[in-house]
Amino acid sequence: MLMSTDASQSHISGKQAASGTAIAWGVEPLFLGACLAYTSASNLSFLRILLGGAFLTLYGISKRHVPFRLKRGELLLMILSGIALSANYYGFIEGIRSLGPAAAAVLLQTGPLFLLIFCYFFFGEKINRTQLVGVLCASLGFYLFYDDRSSYSQQEDVLLGVLWVLAAAFAWAGFAVFQRYASRESPPEVATIVAFAVALLCLSPQAEMVPLSIPLVAALLVSGILSFLAYLFLGMALKRGPGPLVSIILVLNPLITLFLSLLLFYLGLGGLDVHVPGGLGWIGVALAISGSAVFVSQGSESSEA
């Protein structure tokens, strides 16, 4: 009975942590889009990792998780997660530059789908027929959203942005899998700190010294705090809750980005590149989010059975 209670508390904690990640990820693309008006995607990726990693390291020190000792196998997994994280950061920011924050956030929801596929191969979580229907529904939704977005811009630019976001989503799924393995015996904060350090090294060759204006510094600080909170909560969620349960909550974050983007657009604030979806675009968003939710929720049920 005690074991059942502990497991329930662990899952509740995982839900709360995943919700914190979804909120932070829903708001952060707006600030990243604002930063791109003042610096390049490579510089922004580097500065974002630098700030987020600094916040995480300070948090780790406060929790007495740094300094620490790691097993060789754990360290390798953390290094691989850092490489994947650097690809995720850079790809997503390039996607924002090409598509805008809201469109990039919607298309990034292929990440949870990739994560569930990885969970199938690495953790033995089954994929049933209902999940396959969810994949088809989500795929149709992504296509309709892409078709609507490309009708308002040059198709080549939109396609390039979509490819950047898909690469970022795939890299994020790899990051999540590596982190899940690495944090089995180590605190999730430690695994995330090492991943940020490796990602910083990966992105440093492309970084350049640029003047830092007040708007850029302000947007970077907010983005850094949001990034810190997102990956702090994500590490906790991946350790304390099953992959499908974490994914279904994360699926909802683009709705936050989309509606906040539209609110800023109609209020004449933010100066962001905002695309207002047409009829097919909204249908695509609904299908993409609902299909993803069906896919991951069915995975959650199967994993708990």
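Rule-based calculations on the coordinates, nothing more; no lab input. Quantities reported herein were computed from a predicted structural model and do not represent experimental measurements. FYI the Cβ positions are ideal-geometry reconstructions off the backbone, even for glycines, and counts take in every protein chain you see.
Things worth noting here:
- In this Cβ point-charge picture (+1 for Lys and Arg, -1 for Asp and Glu), the range 14-304 has a dipole of about 980 debye about its Cα centre.
- Stokes-Einstein diffusion coefficient of the range 154-239, Kirkwood radius over Cα pairs, 4 °C, 1.567 mPa s, in µm²/s: 85
- Equivalent ellipsoid semi-axes, the range 14-304, via Cα gyration tensor eigenvalues times 5, rooted, Å: 28, 25, 15
- Nearest-0.05 FRET efficiency for ARG129 and VAL217, computed from C-beta distance (R0 51 Å): 0.50
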